[in-house]
1. Residue by residue, what Karplus-based ³J(HN,Hα) values in Hz, rounded to whole numbers, does region B:279-285 have, using 6.51, -1.76 and 1.60 with θ = phi - 60° and x for Gly and Pro?
2. Net charge near A:P130: determine it from the other residues with C-beta under 12 Å of the C-beta of A:P130, scoring Lys and Arg +1 and Asp and Glu -1.
3. When only Cα pairs under 8 Å and 6 or more residues apart are kept, what is the percent relative contact order across region A:200-342?
4. List B:Y200, A:Y93 from most exposed to least, where exposure is judged by having the fewest other Cβ atoms within 10 Å.
5. Between copies, how close do the A:K132 label points come, placed 7 Å along Cα→Cβ, listed in nm from shortest?
6. For B:S194, which inter-copy label distances result when the label point lies 7 Å beyond Cα on the Cα-to-Cβ vector, reported in nm to one decimal and in ascending order?
7. List B:H291, B:H265 from most exposed to least, where exposure is judged by having the fewest other Cβ atoms within 10 Å.
8. For the protein assembly as shown, give me the percentage of DSSP beta bridges that are antiparallel, rounded to the nearest 5 percent.
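No value in this document is a laboratory result; all are computed from the given coordinates. Not measured: the values here are computed from a predicted model. A quick note on method: Cβ atoms are made from the backbone with ideal geometry, for glycine too, and the neighbour counts reach across all protein chains shown.
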Number of protein chains: 2
Amino acid sequence: MENSINGFAGGRASSTSNNGGVDKGVDFANYFCTYAYLYHQKEMLCDRVRMDAYYNAIFQNKQHFHGKTVLDVGTGSGILAIWSAQAGARKVYAVEATKMSDHARELVKANNFEHVVEVIEGTVEDISLPEKVDVIISEWMGYFLLRESMFDSVICARDRWLKPTGVMYPSHARMWVAPIRSGLADQKMTDFESSMDDWYKFLDETKTDYGVDMGVLTKPFSEEQKKYYLQTSMWNNLHPQQVIGVPAIIKEIDCLTATVEELLHVRANFSSSITLENTRFSGFGGWFDVHFRGSSQNPARQEIELTTAPSQDNGTHWGQQVFLVHPPLRVQEGDKMAVSISMTRSKENHRLMEVEFTCEMRQSSGTQPRPFTKKFFIE
Amino acid sequence: MENSINGFAGGRASSTSNNGGVDKGVDFANYFCTYAYLYHQKEMLCDRVRMDAYYNAIFQNKQHFHGKTVLDVGTGSGILAIWSAQAGARKVYAVEATKMSDHARELVKANNFEHVVEVIEGTVEDISLPEKVDVIISEWMGYFLLRESMFDSVICARDRWLKPTGVMYPSHARMWVAPIRSGLADQKMTDFESSMDDWYKFLDETKTDYGVDMGVLTKPFSEEQKKYYLQTSMWNNLHPQQVIGVPAIIKEIDCLTATVEELLHVRANFSSSITLENTRFSGFGGWFDVHFRGSSQNPARQEIELTTAPSQDNGTHWGQQVFLVHPPLRVQEGDKMAVSISMTRSKENHRLMEVEFTCEMRQSSGTQPRPFTKKFFIE
């Protein structure tokens with residue numbers, strides 16, 4: 001026996017509501033616990049694109065904070081709560097599910113805002129506030145926006161604690177998809193094939209040396225490996241030149257009005273044109289952006305954007321999610337593709353996602369490859 | 001936000017009894033789930049030292065199996081159950097907590113033993129058998145023997161289902177410790193120092209660019225990193241020449257009579273002499289062996305040993321656990337050390353361990369370095 005008992009795995013925010021009876025202890029073991037590590041907080045705090053966006057959103061729109069009450073959902077180290085206080089908030093409730101709350105409290109004190117920022121250990125689903133708030137701020141975005149399903153907690157916080165006149169930080173979010181090229185497709189296929197070669201060698205040895213025929217497990221082993229190598233989306237920091245077609249928005253979220261229901265199943269049809277001469281279509285890249293626009297009654301003075309699009313110099317810790325298609329397809333500038341995408345939550349873990357692409361290619365040469373459907377897991 | 005929601009982390013065997021009210025769902029999320037992957041099963045099935053030991057133990061002692069009833073605790077792929085059947089068992093109950101049970105059932109059928117081997121999905125704590133058994137076989141050993149605390153389940157199975165005349169496979173187990181030398185001590189210290197250098201750079205930038213003084217988190221961050229880099233034991237495949245002193249047995253277990261109570265706190269005092277000329281003492285290596293000896297009434301015809309000691313050619317997937325001491329100490333042949341070791345289970349997770357070494361060195365040169373106490377986490 002030998003196994004990797006959950007070490008650095010957990011997470012930061014929500015838990016019980018809106019997720020069909022998830023066991024809180026299991027959710028903590030699987031998700032929250034990562035966010036209890038300062039090392040992990042530091043990784044997020046070192047993401048300058050992320051930091052700059054929130055910093056500028058707050059300090060270039062101080063009118064949203066000055067003299068106001070703020071709720072920070074999943075405060076982590078407490079940075080957004082402290083910035084809100086520095087921008088003049090009268091009161092900030094900083095809610096954190098993990099023991100990171102103790103560090104946040106220390107940080108607040110060391111920065112002399114203990115009279116403004118109140119750190120509350122708990123989930124927003126469980127805690128109670130003495131008043132409604134003017135602003136809800138949160139950094140809730142997971143890979144490809146919705147992984148982690150933490151926005152559920154922000155919605156819960158909004159419905160319970162935001163004043164009718166309140167504003168959301170961020171106020172809007174969008175999911176993007178584009179066709180890409182990537183050498184990873186070949187690499188992953190090689191990895192898969194070499195894992196199967198290994199398996200067949202193992203079968204032989206187990207039969208010869210230990211008298212047991214394991215052949216019946218070839219199919220499930222192959223399926224398991226296929227899922228791991230070929231059907232699981234990958235974190236990648238794409239270079240802009242790897243994007244070979246026009247990106248499409250597949251989902252727009254107004255954080256003030258979004259419901260959990262509309263996040264449970266994200267569906268879109270889009271078309272894209274190949275913009276590169278004679279290249280390879282290896283699959284799709286997925287990313288997101290969020291905007292800080294205030295509300296229509298109370299708009300931002302300076303709109304701020306946080307984008308996780310492929311970028312040469314401004315990559316983020318979110319990178320992009322890459323969905324590889326095998327084998328890659330030779331494409332030409334002007335080739336069109338009609339794509340349907342469908343994303344649902346994994347039945348086993350509501351914080352993980354399953355994505356299905358259906359793609360029909362219309363090549364300018366006149367040939368028309370067979371449409372294909374590919375399913376992926378965001379793990 | 002970004003986090004690694006539990007992917008390939010889980011495990012194989014026990015759950016509720018003897019562990020002070022562990023939540024079964026959490027235990028499954030943290031531990032069992034790894035063992036549901038064929039990839040992980042294959043890793044264990046490819047460990048030839050492990051395979052040979054169990055194979056020889058069974059087939060060189062067929063008299064223990066012929067016409068007998070057998071219980072396999074945590075059967076995984078079902079290999080030990082099938083071997084038991086091949087050795088002539090009348091009936092084998094193969095208990096498996098994870099969905100690997102489905103694969104085990106298929107494998108049993110494909111090898112034509114469905115009339116002998118009954119695969120039961122469940123934990124031995126929960127399931128019920130129609131009869132008592134002559135043999136309990138199990139591969140329950142974790143890193144440094146007791147990590148995973150799976151032997152608890154074997155004890156439970158034994159107390160519930162083994163006939164008074166029954167035998168245990170394996171029948172005995174021992175834990176070993178020896179002083180070692182290793183370049184990892186320097187590497188880990190460098191990693192720790194570079195992580196702290198990074199932290200101070202981060203502090204400066206966060207103060208300058210984002211107006212928040214994170215200095216108050218330096219102590220907890222440093223403690224977290226120290227725990228990670230310097231106080232967590234490491235898997236390592238030690239070369240025999242890295243063992244610089246006489247190994248000592250710190251615990252002997254008779255699998256027929258052991259109790260969970262005696263495993264909760266392993267304590268030993270031992271002495272060791274340095275056997276290498278002018279070398280560096282970098283810490284301790286820990287490993288285990290198990291023996292298949294049958295019982296005193298029903299001894300094995302051929303005693304088989306499975307050892308995970310440092311070996312040039314016969315390494316195992318268990319490797320050794322390495323407990324590094326900083327800074328390393330220059331030692332000479334003949335130097336003596338008196339060591340106390342104490343191992344308990346982690347309060348947060350009963351399958352993980354905490355180990356404390358107290359070491360007093362008596363150098364042949366006459367100088368006597370200060371005794372030290374070091375605490376480690378087996379994660």
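1. Running phi through 6.51 cos²θ - 1.76 cosθ + 1.60 with θ = phi - 60° gives 9, 10, 8, 9, x, 10, x Hz.
2. It works out to a net charge of 0.
3. Details: 193 pairs, mean separation 46.2, N = 143.
Computed over region A:200-342, the figure is 32 percent.
4. B:Y200, A:Y93
5. In ascending order, 7.0 nm.
6. Between copies, matching label points for B:S194 lie 2.5 nm apart.
7. Result, fewest neighbours first: B:H265, B:H291.
8. Of all bridge pairs located within the protein assembly as shown, approximately 75 percent are antiparallel.
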